[in-house]
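Below is one structure, written out as structure tokens, with a few remarks after it.
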Amino acid sequence: MTSPSKPKPKLVLHVGMPKTGSTALQSWLAASRSSLRAQGVLYPGKGTSHGFLVLPLDFANHGPRLLIDRIGRVQAEADRLFETEWQALEAEIAATAPETVVLSTEYLFVRLGLKGHETLLARLGETFSEVQVVAYLRQPSKHYASLALQRVRHSAILPPLAPMRVRETLETWEAAFPGRVSVRAYDRDALVQGDVVTDFLTTQLALSGQGGETGARVNESMSAEAAHLMQQVQRVRFAGQDNVVLRARNRYRKRLLTADKRVPGAQRPKLLPEVAADLDESSTDLLWLRDRYGVIFAGLAYERIAERPLNVGSSERIADLFELDEARLLLLETRMQRLHVPLLSWFRGGRG
């Protein structure tokens, strides 16, 4: 527990949602620790994020894959590690006496309502004078596209197509921190200067004129054509081995990303127009977000949003969901063949 002789700092708790620039924001904050500290802001620890915050939250059943791989599914071990990390956090606060602490992990976004949340909320209440929660949300179709392209790196199975449901999640946060939840649109037209780092610094920390490039690592992008090949090779070569660490798959993905950069004509991956419209226009939580938080996504046809089943069905193939450049796809296949990755013969049945 923080020393009673020193005032408790305020906490700004960034919780995602996933695929809304969290890696870029966390990398910037981690790279800027010294300059932030000079302004009374502590971004604690030595890593880029604070995933340990989810350890008390029914970790045995709902722990993130990367943390499960690290410590297993034993709740007692997760609780022990959480206490160790929290003590380190309090020691750093005591040593630096910041006015504001920033903690960030997108793991928290959907997990606050899980068993064990009382432990986390109690620690937050003991250590901080107040907690300001900030969540960035993405337009449903763009969120699904980003999530699918991330998933296909490790699995042939794509996320299910479904309307965006965030109201219950945000109401859980509001119940824990009434009036202290800030919701921002992760959209270039809505972000301050079109940048998530600048937006966060300006709206959450009142630090203007900062942000920008730091050379910090962000998630490497993949074209829709590369994602199609990645899914195909997993269906044939790594069938039934989804979401496990495989050296051969990692090697293939690395070669594919290299080839993807060298084949001209790459475009930002886009869902087929009918798929994007279906996801957006069936996501009725968008109306609630607009009315409750003023969150509006530019160019979205709000008058068409209604509760209804999806029309696009349940396709699980990149080729059925994304716009593909067939000529570029052939060039990418050919380049992979030249890299001695014998895949072309596997695809001769077409896109299937």
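Bear in mind these aren't lab numbers, they're just calculated from the coordinates by the rules spelled out. Small disclaimer: the values here were computed from a predicted structure and weren't measured. Every residue, glycine as well, gets a Cβ built from its backbone with ideal geometry; the counts of neighbours run over all protein chains shown.
Considering all alpha-carbon pairs of the stretch 10-204, what whole percent are spaced by more than 20 angstrom? More than 20 Å apart: 58 percent of the Cα pairs in the stretch 10-204.
Angle of helix 247-262 to the longest C-alpha principal axis of the chain, folded into 0 to 90 degrees and rounded to 10: 80°. For trypsin sites (Lys or Arg not before Pro), the sites in the stretch 134-169 that DSSP calls loop and that have at most 12 other Cβ atoms within 10 Å are ARG165. Would you mind counting up the charge near GLU85? Only other residues with Cβ under 14 Å from its Cβ, with Lys and Arg at +1 and Asp and Glu at -1. Surrounding charge for GLU85 is -1. When the helices of the chain are scored as -39500 (n - 2.57) per DSSP H run of n ≥ 4 and the total is divided over every residue, the value at 222 nm lands at -13000 deg cm²/dmol. Straight-distance candidates among the lysines for linking to LYS10, with alpha-carbon spacing under 27 Å and chain neighbours fewer than 8 residues away dropped: LYS19, LYS46, LYS115. Taking Cα atoms only, the orientation of helix 167-176 departs from the longest principal axis of the chain by about 10 degrees.
The label-point distance for ASN243 and LEU66, in a model that sets each label 7 Å from Cα toward Cβ, rounds to 1.6 nm. Would you look at the GNM of the chain, springs on alpha carbons closer than 10 Å, and say which of ASP242, ASP69, ASP320 moves the most? In this elastic network of the chain, the residue with the biggest mean-square fluctuation among ASP242, ASP69, ASP320 is ASP69. Each label was represented as a point 7 Å from its Cα along the Cα-to-Cβ direction; for ALA94 and GLU316 these points are 5.2 nm apart.
With 20 Å bins beginning at zero, the pair-distance distribution over Cα atoms of the chain amounts to 27, 56, 17, 0 %.
Near ARG290, once Lys and Arg are set to +1 and Asp and Glu to -1 for all other residues with Cβ below 15 Å from its Cβ, the sum equals -2. For the chain, modelled as a GNM whose springs connect Cα atoms under 10 angstrom apart, the maximal fluctuation among PRO178, PRO140, PRO98 occurs at PRO178. Quotient of the Cα radius of gyration of the stretch 4-84 and 2.2 N^0.38 Å, N being its number of residues: 1.27. The calculated FRET efficiency for the pair GLN87 and ARG167, based on their C-beta separation and a Förster distance of 35 Å, comes to about 0.45. In loop segments of the stretch 24-129 as defined by DSSP, the trypsin sites (Lys or Arg not before Pro) with at most 14 further C-beta atoms inside 10 Å of their C-beta are LYS46, ARG73, LYS115. Annotation: average projected area of the stretch 142-276 is 11.5 square nanometres, based on the convex hull of Cα atoms across all directions.
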